[in-house]
Structure formats: structure tokens, C-alpha cells
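What follows is a set of notes on a single structure, which appears directly below.
The values are calculated or read from the model by the stated rules, or taken from the named source; none is laboratory data. Everything numeric in this text was worked out from a predicted model, so none of it was measured. Here Cβ is always computed from backbone atoms with ideal geometry, including for glycine, and neighbour counts include all displayed protein chains.
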Amino acid sequence: MGPQSPCSEIAWRYAVPQFNPRQRIMITRFVTRSLVIAGLAVMSHGAWAGKTLDAVRHRGVLQCGVSTGVAGFSAPDSKGRWSGLDVDVCRAVAAAVLHDPEKVKFVPLNAQQRFASLQSGQIDVLSRNTSWTLTRDASLGFHFTGITYYDGQGFLVPKKYKVTSPKQLKGAQVCVQAGTTTEKNLSDFSRTNNLGIKPVVFDTFEAAFKAFFAGRCQAYTTDASGLASVRNKEAPHPDDYLILPELISKEPLGPAVRRGDDEWFDIVKWTVFALQEAEELGLTQANVAQGSRSTDPAVLRFVGASEDTGKLLGLDKAWALRAVQAVGNYGEMFERNVGSHSVLQLPRGLNRLWTQGGLVYAPPIR
């Protein structure tokens, strides 16, 4: 037993001066052991339910902030059913927490509304093609829970202009949405390259690309994935437009939650990781239910057949299994919404698993 700290000595001296030094040491050891045992007991019972998890369960529905319509990421069909990569993330969280991927209320938000809606508690998670930046992470009161799409800002131009690089847009009018990293990146790019680009700013995503197709601007800029969505879904003649190959920024997109509720942060974060790890483990929407028959310890742990990882999140042991049953693994989500099985036909590129030369790398579930 080492010497007692000055603070502990003062506390004993004034709080319990009737004990002699030997008694103080014995009592100190007893209190220390009791605190360690109590701490281990708390840890063994897993995470305590946070206020957001309690609210979601009490409400019986997850409130998810999405875009007002970006094909491949979050957009409603003619019957009002939402689909997209960002939408699937929320359905996976609902499956993990509420045991039902359909228990989601999708709240369409423009760029200016999205952060205030998360801050005010109107939504539980923002899954809306939103870039993770220092300013948003450190000053707006949010936690980004992972990266679901590695993107970069590009330019869409009419082929008739014969432009092959953004650096040829000197003095051009460029349509851009207000309140986005896109607007700031455009300004920085123009200033750095002395291009004198004239931004034509619009409040909404729809207004910006519609003005471009109407001939108001010589180019339109947003994330490259958004450009592919707009060209394929909105252009009167998609073959008349070119997405320039050069990107001017890094845009890591992912869901965000409010700060101050670490339990909820962990749930959304690990649901994203589970979808990515499932692909690495070879677990799909079709076969994940048979994971309990596997001889792979990682698979058995993932589906809750050998260990209960859910108790650490305030969930049950089948939380990850349900998430994959609901939407498939990350690769299935990608291909269905933006990849080879979608109208966008975007290549995986950086969004391949790390084992396949990409950047997608999930911490292990153990």
C-alpha cells in the first residue's frame, strides 16, 4: 500500500479524526475494493439506456432526417416510400432498436434545416448525405457516427462547352446550393486558382440543378454522387452532360447524432459498423439467419449465438443480425442504391472494403 495522497489525508483528518492511522488504512482498502466491485457490477450489466433510446422506445418509431430527394441516398417514390443508402442506415437502426425496420418516420430536410432539426430534437439521427467536417463535429453539438460514403465535390457541365477540367471554368457562373460545404469549397477553389467563378446560389438542391438545366449557369457543382443522381434522374437528355473527372474536395458522408447521449451515439455508430463488418464476414441479407450454424467465432459473436454484445449497447443479443436482415450488408446496400444494381451505376471505388483496396474498415465486434 503506497502513501496516501494529501487530499485523502486531509479528508480523513477532518471527516473521521477518531480513527487511528492503521484503522484509516483498513477502511480505505475496504472502500476501494467496494468501489471496484461496484464498478465491475455496472460494467457486467452493460450500458445504461440513454435518454434518446428511451424516447425512441417509448415513441415506438425512429425519427430520421433525410434529404428532400437525392436519388440513391434518400428519395421517395410515387407512393411515398423512401429508399436510398441513407434511408437504409435508419432502417437498420430501427431494426436493431425496435425490432422492425419499418418503424421509421422520415423527415425531409433541406441543407439549412438539417442541423437545427437535429439540435432541437425533432429527429433522432441525421442521415442525409452530410459531410463530416471539423466545424460540424466540434462546434454544432454533433457526433458523426461513421462514414457511409466516401465522396468528393465535382462539376457537371454541358458537353457542348467542351470543358474537360474545372480549371477551365474561369469567370463561369456556377449553380450551387446555399448552406453546404459545396458553397465554401467552390469559393476556395476559385480563389486558389484565380478563376473568378461567379456562384449562383439557391436555397434548395432542386432549385440549383433546375436552374442549371434551364441554362442559368455554365456548370453545376455538388458531391460527385449527387451529380450522378441529378444527371441520370433529372437531366432532359443525360448524354448531353459530362461529370468532370477532377474532384476538388474530400466529402466523407455519414449519419450524425446529438452530443450528450453517448449510449445513443454508440448504438448508431455500431449499427453502421455492423453493416460493414457483415460484408467482410460474408454475411448477407439472405444467409445471416444461418450464422448460428457457423464454426467461425466472429460470425457466432455477430449473430448473438455465442456472446451477448447487445447488452453493452442496451440492446438484445440479436441486434446486429436484425440490422443485416433488414437491409443487407454494406455492399448489398451500396450496389442496390447507388452501384451496379441501381440507375446511378456508381463504381465502388474508395467505398470498397479495405481488404479489396478501399477505405471501408469497421472495428471488430468483440
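Identify all residues within the range 230-239 that are in contact with a helix residue (DSSP H, G or I) (Cβ under 7 Å, 6 or more places away or on another chain) and assigned to a helix (DSSP H, G or I); write none if there are none. 230, 231, 232, 234, 238 - these are the residues of the range 230-239 that are in contact with a helix residue (DSSP H, G or I) (Cβ under 7 Å, 6 or more places away or on another chain) and assigned to a helix (DSSP H, G or I). Scanning the range 328-352 for residues that are surrounded by 19 or more Cβ atoms within 10 Å (Cβ to Cβ) and under 17 Å from residue 147 (Cβ atoms) yields a total of 10. Contact map, the range 83-103: residues that are polar (S, T, N, Q) paired with residues that are crowded, with 24+ Cβ neighbours inside 10 Å, Cβ distance under 9 Å, separation 6+ or inter-chain. Pairs shown: 83/72; 83/74; 83/337. Take residue 361 and tell me if it is within 17 Å of the chain's Cα centre (by Cα), under 22 Å from residue 286 (Cα atoms) and among the hydroxyl-bearing types (Ser, Thr, Tyr). Spelling it out, it is not the case that residue 361 is within 17 Å of the chain's Cα centre (by Cα), under 22 Å from residue 286 (Cα atoms) and among the hydroxyl-bearing types (Ser, Thr, Tyr). Taking the range 147-171 as the range and being of a type in the set (Lys, Arg) and more than 30 Å from residue 357 (Cβ to Cβ) as the test, the residues that pass are 159, 160, 162, 170. Got at least one residue in the range 182-194 being in contact with a Gly (Cβ under 9 Å, 6 or more places away or on another chain) and either farther than 21 Å from residue 151 by Cβ or in a loop (DSSP other than H, G, I, E, B) (or both)? No, the range 182-194 contains no residue that is in contact with a Gly (Cβ under 9 Å, 6 or more places away or on another chain) and either farther than 21 Å from residue 151 by Cβ or in a loop (DSSP other than H, G, I, E, B) (or both). Within the range 102-155, the only residue that satisfies the criterion of being buried (at least 18 other Cβ atoms within 10 Å of the Cβ), of a type in the set (D, E, K, R) and part of a helix (DSSP H, G or I) is 114. In the range 213-229, the residue that is surrounded by the most Cβ atoms within 10 Å (Cβ to Cβ) out of those that are in a helix (DSSP H, G or I) and in contact with a strand residue (DSSP E or B) (Cβ under 7 Å, 6 or more places away or on another chain) is 226. A single entry from 295, 271, 284 fulfils the requirement of being touching a residue at least 12 places away in the same chain (Cβ under 8 Å), in a loop (DSSP other than H, G, I, E, B) and β-branched (Val, Ile, Thr): 284.
Going by the conditions given, is residue 276 among the polar types (S, T, N, Q), part of a helix (DSSP H, G or I) and under 24 Å from the mean Cα position of the chain (by Cα)? So residue 276 fits the description; yes. Is it fair to say residue 96 is in contact with a Ser or Thr (Cβ under 6 Å, 6 or more places away or on another chain), in a helix (DSSP H, G or I) and more than 22 Å from residue 225 (Cβ to Cβ)? Against the criterion (in contact with a Ser or Thr (Cβ under 6 Å, 6 or more places away or on another chain), in a helix (DSSP H, G or I) and more than 22 Å from residue 225 (Cβ to Cβ)), residue 96 qualifies.
Within the range 124-138, one or more residues are under 25 Å from residue 313 (Cβ atoms), modelled with pLDDT of 95 or more and charged (D, E, K, R).
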